[in-house]
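The values are calculated or read from the model by the stated rules, or taken from the named source; none is laboratory data. These numbers come from a predicted model, not from an experiment. With ideal geometry, Cβ positions are generated from the backbone for all residues, glycine too; neighbour counts draw on all protein chains shown.
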């Protein structure tokens with residue numbers, strides 16, 4: 001299985017390549033990708049240097065152009081596709097049907113991967129994108145159980161990539177407007193969920209409060225671990241009880257599923273985290289490389305080592321990990 | 001032949017969107033019998049949120065569809081938003097193959113199936129159409145009407161319609177705007193209503209039946225943030241564009257969608273009926289309303 005790793009900037013790309021990535025994915029410095037954070041992503045000259053570094057190490061480069069252009073901004077998405085083609089990247093990760101049509105019509109040789117933001121969870125949806133735009137691979141939303149992924153592979157017209165590790169989106173990606181409802185900025189259009197400029201931290205009566213826009217997301221007692229305020233991980237009141245109604249602050253970790261993911265025919269494993277530090281990328285890629293190599297070397301005896309789990313747990317949001325929707329009881 | 005849609009400042013239509021909640025069969029029948037004599041022109045029928053909900057079987061929906069059509073309504077059969085299994089797909093295919101009714105596609109699976117069958121369809125608000133290039137591809141695949149994604153503002157609608165003129169497809173589709181009700185904002189594998197009662201989804205006991213208009217999520221300061229409805233998360237405030245009906249009509253919007261709620265539906269329909277006839281005296285915008293998305297700001301804002 002191919003290990004696809006996040007590159008928010010050149011140091012992260014280097015960390016991913018040096019620690020055993022088979023492919024890296026990155027975005028341009030604008031709204032055309034789903035991690036449009038200030039200080040992240042690649043301008044032209046950085047991209048050239050990064051491509052050279054990856055190629056020298058036989059690592060593929062995928063470019064995410066996976067947000068949804070509004071009419072007045074169409075040319076920016078078009079230019080981004082042109083640029084990805086001109087740089088001869090290994091694939092473009094796309095979500096918008098108009099963008100896919102432009103890419104497939106203009107550059108039939110440019111490999112297209114269906115972004116998780118397109119939210120394809122079944123083989124008929126995959127057939128649409130495959131027949132219309134000849135997509136070669138699809139990244140599957142984090143809403144399917146392992147049994148459902150297995151059934152999907154049996155009928156899928158294209159290779160499938162799944163999320164292996166990182167922040168856990170609990171909603172069907174590309175179809176979640178929670179952040180725009182509260183902050184006015186849409187992940188689908190601007191490429192940012194819970195934008196930093198909408199976040200405030202405030203100490204009041206010995207408790208730490210986090211807000212997104214003006215909405216109270218959580219309150220922490222002294223000594224409690226405070227997390228970055230995202231709406232789906234907030235503590236809210238429902239029926240008079242206060243708890244994490246949507247999800248606890250937690251990360252997805254599927255390392256124990258490596259043998260099963262391999263057995264059912266998953267083509268690639270994706271590590272989330274273009275917004276995280278180069279140190280995070282280095283640590284996570286390193287242990288995943290070790291785990292995949294260990295599995296390849298001796299599949300029958302594969303066991304997740306404690307030291308790998310420790311590394312992953314230490315860098316996880318909320319210092320806990322979950323199998324998420326892959327495990328039916330989570331749902 | 002691609003049908004031409006006539007757009008000469010005619011009276012916009014009112015539609016009743018699909019019922020998003022889980023009501024008893026009796027309640028559903030009683031509700032739509034009232035709708036039959038209301039002023040809505042189009043009624044969307046069917047389960048769009050959760051495949052486990054089985055109070056209403058397909059023949060029940062078809063019985064209502066026939067009754068409403070006999071009362072002069074255009075009936076559209078709505079389909080699931082999130083399809084995760086082969087049985088979900090089988091259910092979808094069954095609906096797509098029913099003769100005599102147009103289908104609302106709420107996932108690309110339905111778009112694919114209907115396009116293969118060469119049947120005209122409506123795309124629901126969870127089909128991501130953010131520009132006319134996308135609309136163009138879907139029109140080529142038999143889309144007849146689109147419901148704009150709920151988070152898009154009036155400027156984007158204007159942009160899409162003028163881009164559609166440039167692409168020479170403006171007369172080939174109708175535009176419908178979600179205009180009243182709790183906004184569907186997100187879909188998940190997890191059932192939040194079951195989670196709120198500490199129940200697993202596989203043993204949910206159909207707990208969502210207890211909440212005919214969803215279950216409120218409030219901040220720890222008591223502010224309404226969201227409304228949960230099974231695997232769907234909705235807005236905490238009711239979206240209300242009644243004050244924008246005149247402007248939407250001038251922009252070329254063909255249909256205003258009102259989302260079913262358990263109380264006062266006929267009053268809401270009447271309010272929009274008055275508004276589309278130019279009488280906004282009866283228009284009521286309450287404290288629990290929002291309209292921010294239309295005004296290109298936070299969805300939860302109420303812009304006056």
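The strands (runs of 3 or more DSSP E) falling completely within the range B:215-304 that include 3 or more residues that are touching a helix residue (DSSP H, G or I) at 6+ places or on another chain (Cβ under 9 Å), at pLDDT 95 or above and within 14 Å of another protein chain (Cβ to nearest Cβ) map to B:224-229, B:232-240. Answer yes if at least one residue in the range B:187-205 is surrounded by 21 or more Cβ atoms within 10 Å (Cβ to Cβ), touching a residue at least 60 places away in the same chain (Cβ under 8 Å), more than 19 Å from residue A:95 (Cβ to Cβ) and within 22 Å of the chain's Cα centre (by Cα), and no otherwise. Yes, the conditions are met somewhere in the range B:187-205. Among the residues making up the range B:162-186, those that are in a helix (DSSP H, G or I) and either crowded, with 23+ Cβ neighbours inside 10 Å or more than 7 Å from every other protein chain (Cβ to nearest Cβ) (or both) are B:162, B:164, B:165, B:166, B:170, B:171, B:172.
Is it true that residue A:121 is within 11 Å of another protein chain (Cβ to nearest Cβ) and not in a helix (DSSP H, G or I)? In short, yes. The set of residues in the range B:75-132 that are in a helix (DSSP H, G or I), touching a strand residue (DSSP E or B) at 6+ places or on another chain (Cβ under 8 Å) and within 15 Å of residue B:47 (Cα to Cα) comprises B:95, B:96, B:110. The residues in the range B:19-41 that are over 25 Å from residue B:161 (Cα atoms) and touching a residue at least 60 places away in the same chain (Cβ under 8 Å) can be counted, and the count is 12. Of all residues in the range A:16-63, those satisfying the criterion of being part of a helix (DSSP H, G or I) and either within 20 Å of the chain's Cα centre (by Cα) or buried (at least 18 other Cβ atoms within 10 Å of the Cβ) (or both) are A:16, A:17, A:47, A:50, A:51, A:54. When residue A:224 is tested against the conditions (1) closer than 21 Å to residue A:38 by Cα; (2) part of a loop (DSSP other than H, G, I, E, B), the lone failure is (1).
Does residue A:75 qualify as being over 22 Å from residue A:17 (Cβ atoms), outside any loop (DSSP other than H, G, I, E, B) and without any contact (Cβ under 8 Å) to a residue 40 or more places away in the chain? Judged against the criteria, residue A:75 is a match.
For the range B:115-128, name all the residues that are more than 10 Å from every other protein chain (Cβ to nearest Cβ) and crowded, with 24+ Cβ neighbours inside 10 Å.
Applying the first criterion (more than 10 Å from every other protein chain (Cβ to nearest Cβ)) to the range B:115-128 yields B:117-124.
Selection gives B:121, B:122, B:123, B:124.
Among the residues of the range A:78-102, the ones that are assigned to a helix (DSSP H, G or I), more than 14 Å from chain B (Cβ to nearest Cβ) and crowded, with 21+ Cβ neighbours inside 10 Å come to 2 in all.
Listed here are the strands (runs of 3 or more DSSP E) enclosed by the range A:238-291 that have at least 2 residues being more than 19 Å from the chain's Cα centre (by Cα) and farther than 14 Å from residue A:314 by Cα: A:241-243.
Output the residues belonging to the range A:144-171 that are more than 14 Å from the chain's Cα centre (by Cα), part of a loop (DSSP other than H, G, I, E, B) and more than 9 Å from every other protein chain (Cβ to nearest Cβ). Residues satisfying the conditions are A:156, A:157, A:158.
For (1) assigned by TED's automatic domain parsing to the domain that holds residue A:10; (2) surrounded by fewer than 18 Cβ atoms within 10 Å (Cβ to Cβ); (3) touching a strand residue (DSSP E or B) at 6+ places or on another chain (Cβ under 8 Å), each residue gets a yes or a no:
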{"position": "A:268", "(1), (2), (3)": "yes, no, yes"}
{"position": "A:274", "(1), (2), (3)": "yes, no, yes"}
{"position": "A:277", "(1), (2), (3)": "yes, yes, no"}
{"position": "A:287", "(1), (2), (3)": "yes, no, no"}
{"position": "A:293", "(1), (2), (3)": "yes, yes, no"}
{"position": "A:297", "(1), (2), (3)": "yes, yes, no"}
{"position": "A:300", "(1), (2), (3)": "yes, yes, no"}
{"position": "A:303", "(1), (2), (3)": "yes, yes, no"}
{"position": "A:310", "(1), (2), (3)": "yes, yes, no"}
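Would you mind finding the one in B:195, B:209 that is more than 10 Å from every other protein chain (Cβ to nearest Cβ), assigned to a helix (DSSP H, G or I) and more than 28 Å from residue B:255 (Cα to Cα)?
Values: B:195 fails: more than 10 Å from every other protein chain (Cβ to nearest Cβ).
None of the others qualify; the one that does is B:209.
Cβ-Cβ distances below 8 Å connect the following pairs, each with a first residue in the range B:136-161 that is more than 8 Å from every other protein chain (Cβ to nearest Cβ) and on the phi > 0 side of the Ramachandran plot, a second residue that is in a loop (DSSP other than H, G, I, E, B) and surrounded by fewer than 19 Cβ atoms within 10 Å (Cβ to Cβ), and a separation of six or more residues or different chains: B:142/B:118; B:142/B:119; B:142/B:120. Could you tell me whether residue A:184 is out of contact with any strand residue (DSSP E or B) (no Cβ under 9 Å at 6 or more places or on another chain) and facing chain B (nearest Cβ under 8 Å)? When the stated conditions are applied, residue A:184 passes them.
Identify all residues within the range B:42-72 that are under 29 Å from residue B:275 (Cβ atoms) and either touching a helix residue (DSSP H, G or I) at 6+ places or on another chain (Cβ under 7 Å) or in contact (Cβ under 8 Å) with a residue 60 or more places away in the chain (or both); write none if there are none. Can you show your working first?
Just the residues of the range B:42-72 that are under 29 Å from residue B:275 (Cβ atoms), to begin with: B:42-46, B:48-49, B:64-65, B:67-72.
Result: B:42, B:43, B:44, B:45, B:46, B:48, B:49, B:64, B:67, B:68, B:71.
Taking residue A:273, is it more than 14 Å from every other protein chain (Cβ to nearest Cβ), closer than 30 Å to residue A:154 by Cα and modelled with pLDDT under 95? In short, yes.
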